[in-house]
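Everything on this sheet refers to the single structure shown next.
The values are calculated or read from the model by the stated rules, or taken from the named source; none is laboratory data. Everything numeric here is computed off the predicted structure, so don't read it as measured data. Here the Cβ positions follow ideal geometry from the backbone for every residue, glycine too, while neighbour counts run over all protein chains shown. These accessible areas exclude ligands, DNA and RNA; they are computed on the full protein's heavy atoms, side chains included. Shrake-Rupley method; radii C 1.70, N 1.55, O 1.52, S 1.80 Å.
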Amino acid sequence: MYFAVVVLLLLVFPVASVSIENIHSGHTLSMMLLTGRWLVFWAVGVRLFIAGMRQVIQPQFTAEKIFGLHGTASFPIIRELGFANLSMGLVGIWSLFQIGWLIPAAIVGGLYYGLAGLGHIPRKSKNAKEYTAMVSDCFVFLVLLSFVINRLF
C-alpha cells in the first residue's frame, strides 16, 4: 500500500494534473511551471500532509515500518516530524491557490526531500519502505531543484 501511495502521489497524480491543465489551458503555460505547480501540490502538499497526519496519529508506522525502530521512545520525535510535515503540507496545498507561495513551497519541500533522501543513503539495512522513501525523496528533490532553478534564473 505504501509503495502504491508514493507512486500515485509522486508520479501518477502530478502527470495527470499537468496533462489535464495543459489541455485546458490551451498550452499557454510552460510545462516546467505546470510540473512544478502540480508536483508541489501533490508531493509537498498532499504527501507531506498525509505523512504528517499519520506520524502524529500513528507514530509507530514511521518508527517501525520505515526506520525499523521498536518501542515507544522515538514516538515524541516522530510526532514532531509529523508537525513539520503537516506544516509543509499545508503550504504546499495552499500554493495551488496562491501562486506566490509556489517557489517558497518548492524550495522548502525540495530541501526537505533532498536532505531526507541523503539521510537514508548511509543506512546499511534499508527495508523496502525505506528504500522507496529514499528513491522517491531524491526524485522529488531533483525535479523541484530543476523547477526552482528554471523559475529563478
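With θ set to phi - 60°, apply the Karplus curve 6.51 cos²θ - 1.76 cosθ + 1.60 along segment 103-108 and write out the HN-Hα couplings as whole Hz, x wherever there is a Gly or Pro.
5, x, 5, 5, 5, 5
If you average the sequence gap of Cα pairs under 8 Å that are 6 or more apart and divide by the length of the chain, what percent do you get for the contact order?
Answer for the chain is 26 percent.
Quick one: if you take sqrt(5λ) for each eigenvalue of the C-alpha gyration tensor of the chain, what semi-axes come out, biggest first, whole angstrom?
Each semi-axis is the square root of five times an eigenvalue, giving 29, 15, 14 Å.
Could you provide, to the nearest whole Å², the per residue accessible area of the chain with probe 1.4 Å? All intermediate terms of the calculation are to be shown ahead of the outcome.
Details: 8400 Å² over 153 residues.
For the chain, the per-residue accessible area is 55 Å².
Largest first, what is the accessible-area ranking of PHE13, PHE41, PHE3 with a 1.4 Å probe?
Accessible-area ranking of PHE13, PHE41, PHE3, largest first: PHE3, PHE13, PHE41.
So what's the convex hull volume per residue for the Cα atoms of segment 18-95, in Å³?
For segment 18-95, the hull spanned by Cα atoms encloses 89 Å³ per residue.
Which whole-Hz couplings ³J(HN,Hα) result when phi for each residue of segment 39-47 is put into the Karplus expression 6.51 cos²θ - 1.76 cosθ + 1.60, θ = phi - 60°, listed in order with x for Gly and Pro?
5, 4, 4, 6, 7, 7, x, 5, 5
With a 1.4 Å probe and all protein chains in place, put LYS65, LYS124 in order of accessible area, largest first.
Solvent-accessible surface, decreasing: LYS124, LYS65.
Whole-Hz Karplus ³J(HN,Hα) for segment 15-31, in order, using 6.51 cos²θ - 1.76 cosθ + 1.60 and θ = phi - 60°, x for Gly and Pro?
Taking θ as phi minus 60°, the curve returns 5, 4, 5, 4, 4, 5, 5, 4, 5, 6, 8, x, 6, 8, 9, 5, 5 Hz for segment 15-31.
Quick one: net charge of VAL46's neighbours, Cβ under 14 Å, K/R +1, D/E -1?
Combined, the nearby Lys, Arg, Asp and Glu give +3.
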